[in-house]
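Notes to accompany the following structure.
The values are calculated or read from the model by the stated rules, or taken from the named source; none is laboratory data. The shown structure was predicted, so the numbers you read here are calculated from the model rather than taken from an experiment. Don't worry about glycine lacking a Cβ; one is built from the backbone with ideal geometry, like all the others, and counts go over all protein chains shown. For accessibility, only protein heavy atoms count, side chains too; no ligands or nucleic acids. Shrake-Rupley method; radii C 1.70, N 1.55, O 1.52, S 1.80 Å.
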Amino acid sequence: MASLLQDRLPINQDVLLMQKGTLMRKVRSKIWKRLRYFRLQQDCMTVWHARQAGGKAKPSFSISDVETVRKGDESELLRSLAEEFPLEQGFTVVFHGRRSNLDLVANSPEEAQTWMQGLQILVDFVTNMDQQERLDQYRQDGARWLSDWFQRGDKNQDGRMNFQEVQRLLHLMNVEMDQEYAFQLFQAADGSHSDTLEAKEFTEFYKALTKRTEVQELFENFSADGQKLTLLEFVDFLREEQKEGDHAPDLALELIDCYEPSESGKLRHVLSMDGFLGYLCSKDGDIFKPTYLPIYQDMTQPLNHYYINSSHNTYLVGDQLCGQSSVEGYIRALKRGCRCLEVDIWDGPNGEPIVYHGHTLTTRIPFKEVVATVAQYAFQTSDYPVILSLENHCSWEQQEIMAQHLTEILGEQLLSTTLDGLLPTQLPSPEELRRKILVKGKKLKTLEEDLEEEEEEEELESESVEEQETELEPETEFETQRLSPRSMDKKEKKSTPIICPALSALVVYMKSVSFHSFTHSKEHYRFYELSSFSEAKAKRLIKEAGNEFVQHNAWQLSRVYPSGLRTDSSNYNPLEFWNVGCQMVAMNVQTAGLEMDIYDGLFRQNGGCGYVLKPDFLRDTQSSFHPERPISPFKTKMLLVQVISGQQLPKVDETKERAIVDPLVRVEIFGIRPDTSWQETNYVENNGFNPHWGQTLCFRVLVPELALLRFVVQDYNWTSRNDFVGQYTLPWTCMQQGYRHIHLLSKDGTSLHPASIFVYICIREDLEVDES
C-alpha cells in the first residue's frame, strides 16, 4: 500500500538503503549483543527485524513511536563497550514514553550514518506535518495497520486468505463473532468468487466488520435525508450535543473543510457520514479540549502559584536499593516535562562528586555528567525554568567542585543572582525565568545579605568558620557530613556542619529550610525559602491543619517526596497534596501505574510545559478552603457519562491466540476525598473489537476544579483481579462535553492506536444539592 511518506518525501538515498535492509548488532547490555537484520518497509513508516536476511520478520518499531536518534557517543551503554565496538558505528533510537532505548551497532560508520540520517529525516517529516497531512497520515496509519494484520493472517504468504485463515485472524484481532455472520461478510467481500480474499477484498470485509452503527444512528438523528448533514444541521449538532455555544457556526465551517473527504461536499458545506466519523475520531472530537493542549494559561504569576512537574531520585531508572543510576533518568524526566529534578551528591573518587542513592547498591554516575546532561536537555521540551534540587552530602572540597561544574557547564543558563540584581518582594514567574536553571539547596545567608555583600564575596570566603557559623540561621540544618580541614577545631565538642560559600551563592530563589510549624514559617521565613515534607508528614499536616497548609502554599513553595520505605520506587497519589496547593509533588517517574496516570493527566495540559496554574482558591493567602471540609462558593456538579462502545481494544496476552478479552469500562474520579469515587459498566463477553455497552454512569462532584477523570478498560476475570487493557486520564477542566472518543494509552503512557472508547459526556449543576 502506498504511504503518505512515500508520496511526499523527496527521493533520499539513506531511506532507499534502509529499505534494502542492514545486518546490525542489537545491544541490550554488556553481555547481550546479538545480530539482527533491520529493514525499513516500503510504507516508510515501520521498521521490521529478523534474525537474518530473508528470515521470518516481525515489526520492531514505527517511525511515529520514535522521538529522536542519538549518536553512539551519547549512549552510556555503547560508551561502556567502546573498546569492542567503535562509537562511530553505534547509534541509539529513542522512543516516546517509557519504552527502552534501542542501541544498535552497524558494520561501518557509513552504515550507521545512513540509518541515523534516514531515521531522523522520517521522524522530522512526521513531526512537521500540517493538520491535513496528519489527517491523511492518520487514515494511512489505519490502512498500514490493516495491511500488517493481513500479512499476519496470510499464513502461506500467497497474498490471499481463505475463510479458515480469516477466522484465525479474527481471533488474533480480538474478535469473537457468529461463524455464519462472519461467512456472510466474507462472501460479500469475495468479489472474485475465489473463496479467498485478496488485500483489497479484505479491506472491504474489514469495513463491513467495523461499521459503526451507533455513529450511523447519531448521524441520522440530525440528518434530514440520512445521507449528509447540511451546514445548519451540523451547527445544531455542535450546539445541542457538543455544547460548542455561540461559535458553533464558524466551527462547523472549519470542521467540514478539515474532515469532509469529498471536494464537492466541502464546496456545498455539507458533511458526509465518512466526514462525520472522521471528525468524531479526530482531536476535535476528542474528550480533551484541543485549545487546552498548547500553552493557554497565564505564565506571569509567581512560581508558588503553579503546580510544578517534579521528579524524585531522578537518576534512578529502577528501584531504590539495587537499581541503575543513569543520566538517561534525567533525559527521560526532562523529555516528559519534569521541571524539578533531584540530585543526590556524595564524595567520589579522584576528587569528583558522584550521584547515587546513598548507602545502597545503586550504581554511581559522575555529577559533572548529570550537569552536562541537564545543560543539553533542559529546554528541549519546555522553555520554562528547571529546578535542580540538590541533596548535598559532600565534603567542603567536593562542594567547591560541584559549584565549579554548575557554573562552568551551565554558563548563562544558571541563575546565580536575582533577575535585576535587586531585592524582590515575591518569587519571579515562569515567564521571567524562561530558559533558566535554578539551584535549590541549603544557603549560608539570607538573600538580603547576599545582595548587600555581593561585592565582598572574596572577603566572605576567607572569613573564619566561627564567623560563618554565627551567621547561620538557627533553624537551618545542613546535610553536609564533613568539615573542611581548615575549619576543624579539634577541641570543639559539638561542630555544626557547613556548606561552602561558592555553592551557597548559587542558591537564589530556592533556599531549603527545615519546617517546624506553619506559624513558625509565617513569623521567621521569607517567600524564597521552602521546606520539604515526607509523604507521611504532609498527610498528617493535611489532616490536622489543612487550611493552614493551603494558606502556607499560597505564599511559599513546598516539596513533597515519597517515603523511604518505597524501595520498589512505587508512588503515592499526588492529588492529596495538590489539594492543599503543594507545588512540587515529587514522583518516581520511572514507575508506571495509576499514580503516574494521574500525574501525567494533570500535566498533559498547557503545552506539557511542566507548569500548571493552581485554582484561584489555592493562590489566596486568606483562603478558607480546607480539602477535608470544603464549603461554598463551590457548586456541586452532576456528571453523566454514557459509555457507548469500544473500538479495536488490544489483547491482554498476545501469546494466547484464542484468548479474547471480556471488556468493561471503569470510570474513576480523583479529587477531594468526598469526590473520589468510581463506577463501572458490565462486561461484554468475547469482544475486544467493537464491544457495545450503552450504560450511563452518574457522579456528583463538589470541587470540579481539583478533579481528574480516569477512564480504564479492563478485561473481566471472575477468578482474579481484572486485567488492565488501557486508560486515559485528564483534568475535569480540560474535558469536552458531548459525543467524544477517548484514545487509550498503555501502562507506559504510549498510544494504543487505534484502540478507543466512544462516550457521551454531560455536565449539569446539581440544583437539588445546592438548594439544600
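Just name the residue that is nearest to residue 734 (Cα to Cα) out of those in the stretch 615-645 that are of a type in the set (Gly, Ala, Ser) and in a loop (DSSP other than H, G, I, E, B).
632
Check whether at least one residue in the stretch 740-750 is within 25 Å of residue 284 (Cα to Cα), open to solvent by 10 Å² or more (accessible area, probe 1.4 Å), assigned to a strand (DSSP E or B) and among the hydroxyl-bearing types (Ser, Thr, Tyr), and report yes or no.
No: the stretch 740-750 contains no residue that is within 25 Å of residue 284 (Cα to Cα), open to solvent by 10 Å² or more (accessible area, probe 1.4 Å), assigned to a strand (DSSP E or B) and among the hydroxyl-bearing types (Ser, Thr, Tyr).
Going by what's in this entry, would residue 581 be described as open to solvent by 10 Å² or more (accessible area, probe 1.4 Å) and either closer than 19 Å to residue 707 by Cβ or not in a helix (DSSP H, G or I) (or both)?
Against the criterion (open to solvent by 10 Å² or more (accessible area, probe 1.4 Å) and either closer than 19 Å to residue 707 by Cβ or not in a helix (DSSP H, G or I) (or both)), residue 581 does not qualify.
Looking at 71, 30, 26, 58, can you tell me which residue is within 28 Å of the chain's Cα centre (by Cα) and at pLDDT below 90?
The conditions single out 58.
List every residue pair whose Cβ atoms sit under 6 Å apart, with the two residues 6 or more apart in sequence or on different chains, where the first one lies in the stretch 261-280 and is in the same structural domain as residue 224 (by the TED database) and the second, anywhere, is open to solvent by 10 Å² or more (accessible area, probe 1.4 Å) and among the aromatic types (Phe, Trp, Tyr).
Once the first residue is in the same structural domain as residue 224 (by the TED database) and sits in the stretch 261-280, no partner that is open to solvent by 10 Å² or more (accessible area, probe 1.4 Å) and among the aromatic types (Phe, Trp, Tyr) comes close enough.
Looking at 622, 648, 590 in this structure, which one is at pLDDT 95 or above and open to solvent by 10 Å² or more (accessible area, probe 1.4 Å)?
622
Among the residues of the stretch 537-579, how many are closer than 30 Å to residue 358 by Cβ, of a type in the set (Val, Ile, Thr) and either touching a strand residue (DSSP E or B) at 6+ places or on another chain (Cβ under 7 Å) or at pLDDT 95 or above (or both)?
Going through the stretch 537-579 one residue at a time, the tally reaches 2.
Mind listing just one residue for me: the one in the stretch 660-670 that is modelled with pLDDT of 95 or more and open to solvent by 10 Å² or more (accessible area, probe 1.4 Å) and, of those, farthest from residue 742 (Cα to Cα)?
670
Any idea which of 344, 383 is over 18 Å from residue 505 (Cα atoms), in the same structural domain as residue 508 (by the TED database), in a loop (DSSP other than H, G, I, E, B) and of a type in the set (D, E, K, R)?
383
If we scan the stretch 359-373, do we find a residue that is in contact with a Pro (Cβ under 7 Å, 6 or more places away or on another chain) and at pLDDT 95 or above?
Yes, there is a match, as at least one residue in the stretch 359-373 is in contact with a Pro (Cβ under 7 Å, 6 or more places away or on another chain) and at pLDDT 95 or above.
Name every residue in the stretch 425-449 that is in contact with a strand residue (DSSP E or B) (Cβ under 8 Å, 6 or more places away or on another chain), within 22 Å of residue 297 (Cβ to Cβ) and in a loop (DSSP other than H, G, I, E, B), in order of residue number.
Selection gives 427, 428, 430, 436.
The rows are residues; the columns are (1) within 24 Å of residue 432 (Cβ to Cβ); (2) touching a strand residue (DSSP E or B) at 6+ places or on another chain (Cβ under 8 Å).
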| site | (1), (2) |
| --- | --- |
| 312 | no, yes |
| 324 | no, yes |
| 327 | no, yes |
| 363 | no, yes |
| 366 | no, yes |
| 371 | yes, no |
| 379 | yes, yes |
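Taking the residues in the stretch 337-362 that are open to solvent by 30 Å² or more (accessible area, probe 1.4 Å) and touching a residue at least 40 places away in the same chain (Cβ under 8 Å) as candidates, determine which candidate is nearest to residue 564 (Cα to Cα).
Looking at the filtered set, the residue picked out is 357.
If we scan the stretch 36-58, do we find a residue that is over 30 Å from residue 198 (Cα atoms), of a type outside the set (Lys, Arg) and surrounded by fewer than 17 Cβ atoms within 10 Å (Cβ to Cβ)?
no
What do you reckon, is residue 540 basic (Lys, Arg), open to solvent by 50 Å² or more (accessible area, probe 1.4 Å) and either under 23 Å from residue 441 (Cβ atoms) or part of a helix (DSSP H, G or I) (or both)?
yes
So how many residues does the stretch 237-255 have that are surrounded by 14 or more Cβ atoms within 10 Å (Cβ to Cβ) and charged (D, E, K, R)?
Adding up the residues that qualify gives 4.
Can you spot a residue in the stretch 713-725 that is without any contact (Cβ under 8 Å) to a residue 60 or more places away in the chain and open to solvent by less than 40 Å² (accessible area, probe 1.4 Å)?
Yes: one or more hits.
Kindly establish whether residue 710 is surrounded by fewer than 16 Cβ atoms within 10 Å (Cβ to Cβ) and either assigned by the TED database to the domain that holds residue 239 or farther than 23 Å from residue 219 by Cα (or both).
No; evaluated as a whole, the condition is false for this residue.
Identify all residues within the stretch 88-113 that are crowded, with 21+ Cβ neighbours inside 10 Å and of a type in the set (Ser, Thr, Tyr); write none if there are none.
Across the stretch 88-113, the qualifying residue is only 92.
Does the stretch 386-408 contain at least one residue that is buried (at least 24 other Cβ atoms within 10 Å of the Cβ), part of a loop (DSSP other than H, G, I, E, B), assigned by the TED database to the domain that holds residue 501 and in contact with a Leu (Cβ under 7 Å, 6 or more places away or on another chain)?
Taking every residue of the stretch 386-408 in turn, none turns out to be buried (at least 24 other Cβ atoms within 10 Å of the Cβ), part of a loop (DSSP other than H, G, I, E, B), assigned by the TED database to the domain that holds residue 501 and in contact with a Leu (Cβ under 7 Å, 6 or more places away or on another chain).
Would you point out the residue of the stretch 197-236, among those that are within 36 Å of the chain's Cα centre (by Cα) and among the hydroxyl-bearing types (Ser, Thr, Tyr), that is most open to solvent (accessible area, probe 1.4 Å)?
My answer is 213.
If you go through the stretch 71-99, how many residues are free of Cβ contacts under 8 Å to residues at least 40 places away in the same chain and among the hydroxyl-bearing types (Ser, Thr, Tyr)?
Qualifying residue count for the region: 2.
Any idea how many residues of the stretch 519-537 are open to solvent by 20 Å² or more (accessible area, probe 1.4 Å), in a helix (DSSP H, G or I) and farther than 22 Å from residue 595 by Cβ?
Total meeting the criteria: 5.
Looking at the stretch 597-612 only, could you name the residues that are open to solvent by 30 Å² or more (accessible area, probe 1.4 Å) and either among the small types (Gly, Ala, Ser) or within 16 Å of residue 580 (Cβ to Cβ) (or both)?
If the condition is that a residue be open to solvent by 30 Å² or more (accessible area, probe 1.4 Å) and either among the small types (Gly, Ala, Ser) or within 16 Å of residue 580 (Cβ to Cβ) (or both), then 607 is the only one that fits.
Which condition number in (1) assigned by the TED database to the domain that holds residue 183; (2) at pLDDT 95 or above is the one that residue 218 fails?
(1)
I'm trying to understand the selection: among the residues of the stretch 253-263, which are among the acidic types (Asp, Glu) and not in a loop (DSSP other than H, G, I, E, B)?
Matches in the stretch 253-263: 254, 257, 263.
Quick one: would you say residue 552 is touching a helix residue (DSSP H, G or I) at 6+ places or on another chain (Cβ under 8 Å), surrounded by fewer than 23 Cβ atoms within 10 Å (Cβ to Cβ) and not acidic (Asp, Glu)?
No, not satisfied.
Which residue pairs have Cβ atoms closer than 6 Å, lie 6 or more positions apart in sequence or on different chains, and pair a first residue in the stretch 237-257 that is closer than 20 Å to residue 273 by Cβ with a second residue that is part of a loop (DSSP other than H, G, I, E, B) and open to solvent by 10 Å² or more (accessible area, probe 1.4 Å)?
Final answer for the pair search is 238/244; 251/244; 256/269.
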